[in-house]
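The values are calculated or read from the model by the stated rules, or taken from the named source; none is laboratory data. Keep in mind it's a predicted model, so treat the numbers as computed, not measured. Ideal geometry is used to build each Cβ from the backbone, glycine not excepted, and the neighbour counts take in all protein chains shown. For accessibility, only protein heavy atoms count, side chains too; no ligands or nucleic acids. Shrake-Rupley method; radii C 1.70, N 1.55, O 1.52, S 1.80 Å.
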Amino acid sequence: LRGGDTVVRHVHGRSGAGKSALVSRFLAGLTGRAEAPVVLVGRCYEQESVPYKAIDSLVDALTHHLLGVPHEVSKTLVPPQAAELTRVFPVLNRVEAFARASRRSRASTDPRETRAFAFAGLRELLRRLGERAPLVLCIDDVQWGDGDSADLLAGLVAAPGAPRLLLLLSYRDEYATTSLCLQRLGGQPGTQLADALCPIPVAGS
C-alpha cells in the first residue's frame, strides 16, 4: 500500500474463530505511525435491509471522516459525479462541499446511469483521499452483503487507475458458497478484486 498499490485481503474463518479480534488488533497497530493511515470501518448486518448494505456503514464512516476535514480540503475531494454519488448515498450531503456540488449539477434521471456515475464518483473520491494519506477500508461480516455491494467493491479496485488503498473483507467460511455477495467477490473475472485475492484463514477455520 505504501508503495502505491491497491491491496485486497480476505480474512475468513468459522464463526467465533477470532476474525474480528485479529482485524481489530491489526487496525489498532496502525495508529501512532509516522504516516498514519485513514482507517474506515464498516459492517454488514444480517437483518438490515438497505441498498448496498455492505457499503452503507462504510460510507457513514467516510462521511464522519470528511466532516473532520477542513472545508478547503474537502472541496478538493469532491468528484465530478457528486450529484449521483449523493443521490445513492445521501449521508454525504452532511458534508457542505458535497451538498453544494450536488446542488450545482443535475443528477442523471436514468437509474442505470445514476448507478454507474455514483460508482465512478466513489472511486474518484477514494482515489483523491488515497493520494493524501494511506487509506484502509475494512468491512466485517461481508457474507451478509448483497450483489450490488459486490459489484461496487469490484469496481472500486478494478485496474487500471484503482485508488491506493488496502481493502480488508472479513467473512464466515460457512457462507462462502451460499452468499451472493461472496460468490461475486470471488468470481469477478478480470477484476483486481478476484486477481488480488489472498485469503487469510483464521485458526479454527
Problem - Within the accessible area of the range 44-127 (1.4 Å probe), percent carbon and sulfur - result: 52
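Can you give me the relative contact order of the range 15-133 as a percent, contacts being Cα pairs under 8 Å and 6 or more apart?
Relative contact order here is 22 percent.
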Handout entry: the chain - charge dipole about Cα centre, Lys and Arg +1 at Cβ, Asp and Glu -1, debye rounded to 20
Key = 520
Fill in the blank from the handout: Two pseudo-spin positions, 7 Å from Cα along C-beta at ALA176 and at ARG112, lie apart in nanometres by 3.5
Practice task
With a Förster radius of 22 Å, plug the Cβ-Cβ distance of VAL91 and ARG128 into 1/(1 + (r/R0)^6) and report the FRET value to the nearest 0.05.
Solution key: 0.75
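Please give the calculated 222 nm ellipticity per residue for the chain, where each DSSP H segment of at least 4 residues contributes -39500 (n - 2.57) and the sum is spread over every residue; nearest 500 deg cm²/dmol?
Values: 9 runs with 88 residues, N = 205.
One gets -12500 deg cm²/dmol as the mean residue ellipticity at 222 nm.
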Fill in the blank from the handout: Relative contact order in percent for the chain (Cα pairs under 8 Å, 6+ apart) equals 35
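At 1.4 Å probe radius, can you tell me the per residue accessible area of the range 46-109 in Å²?
About 53 Å² of surface per residue is accessible.
Looking at the range 21-123, which trypsin sites (Lys or Arg not before Pro) are DSSP coil and have at most 11 other C-beta atoms within 10 Å of their C-beta?
Counting only loop positions with at most 11 other Cβ atoms within 10 Å, the trypsin sites (Lys or Arg not before Pro) in the range 21-123 are ARG33, ARG106.
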Exercise for the section: Would you kindly state how much longer the chain becomes between SER15 and ALA99 on full extension, computed as 0.36 nm times their sequence separation minus their alpha carbon distance, in nm to one decimal? Expected result: 26.2 nm
